[in-house]
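Worksheet: the structure to be examined is printed underneath.
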Amino acid sequence: MNDNQNGNGQVSDGDILTVGAFAGLSPEDSRLFASYGEVVGLTGGEVLIEQGREQGSLFVVLSGKLRASLRSEMIAVDLGLVTPGETIGEMSIVDPNPASATVTVLESGTAWQIDRGRFQDFIRRHPESGNSLLNGLAAQLARRLRRASGQLIRLGEFRCAAFEFL
């Protein structure tokens, strides 16, 4: 059992929710928010999130290793590894559209999970903490969007250079 879990698979210590999008929460609010979710097992080879499918949970990876990727009819893009302390599913917690990427478990482990309903319940019951949490999620999504924009620019530059070569 992970040190952050109690016998019920619940997060008993909010320390895992003190990084990234959760950094703005006080230790008390972090523990309170952690109590709204649960710890789940991740099995190697499992597709945790599938691109194009409905997905309504936010995950914080506690242990193990995952890979994020996306696919179109013409190309597959590796978005990178997801390691302990990182979050996935941020978009789906605030937007009910289908998942924009696939996340596959490479190495078995655990994650803390909260579904959209419990997330919204936390925000409704604790608006000041919820505001801090939403600001943290928005900042994290903005960082990921900037990184993706940079990747698109490099891809465009590569295509231009290849076209000029021909």
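How about the stretch 38-104: which strands (runs of 3 or more DSSP E) wholly inside it have at least 1 residues that are at pLDDT below 95? Quick ask: steps written out before the conclusion?
Values: elements: 38-42, 47-49, 57-71, 76-82.
Answer list for the stretch 38-104: 38-42, 57-71, 76-82.
In the list Ser30, Ser35, Ser57, which residue meets the criterion of being within 17 Å of Phe119 (Cα to Cα), buried (at least 17 other Cβ atoms within 10 Å of the Cβ) and touching a strand residue (DSSP E or B) at 6+ places or on another chain (Cβ under 9 Å)?
Values: Ser30 fails: touching a strand residue (DSSP E or B) at 6+ places or on another chain (Cβ under 9 Å); Ser35 fails: buried (at least 17 other Cβ atoms within 10 Å of the Cβ).
Unique residue meeting the criteria: Ser57.
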Q | Output for the stretch 114-142, where each listed residue is under 14 Å from Thr87 (Cβ atoms) and buried (at least 19 other Cβ atoms within 10 Å of the Cβ) | A | Ile114, Phe119, Leu133, Gly136, Leu137
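For the structure I just gave you, tell me whether Asn8 is in contact with a helix residue (DSSP H, G or I) (Cβ under 6 Å, 6 or more places away or on another chain) and modelled with pLDDT under 65.
Working: in contact with a helix residue (DSSP H, G or I) (Cβ under 6 Å, 6 or more places away or on another chain): no; modelled with pLDDT under 65: yes.
Criteria not met by Asn8.
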**Q.** Matching residues in the stretch 83-113 - criterion: being within 15 Å of Ala21 (Cα to Cα) and aliphatic (A, V, I, L, M)
**A.** Ile88, Met91, Ile93, Val94
Q.
Anything in the stretch 74-119 that is touching a residue at least 24 places away in the same chain (Cβ under 8 Å) and of a type in the set (D, E, K, R)? List them, or say none.
A. Glu86, Glu90, Glu107, Asp115, Arg116, Arg118
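The values are calculated or read from the model by the stated rules, or taken from the named source; none is laboratory data. Because the structure is predicted, anything quoted here is derived from the model rather than measured. Because the Cβ atoms are built from the backbone with ideal geometry, glycine has one as well, and the counts that use them run over all protein chains shown.
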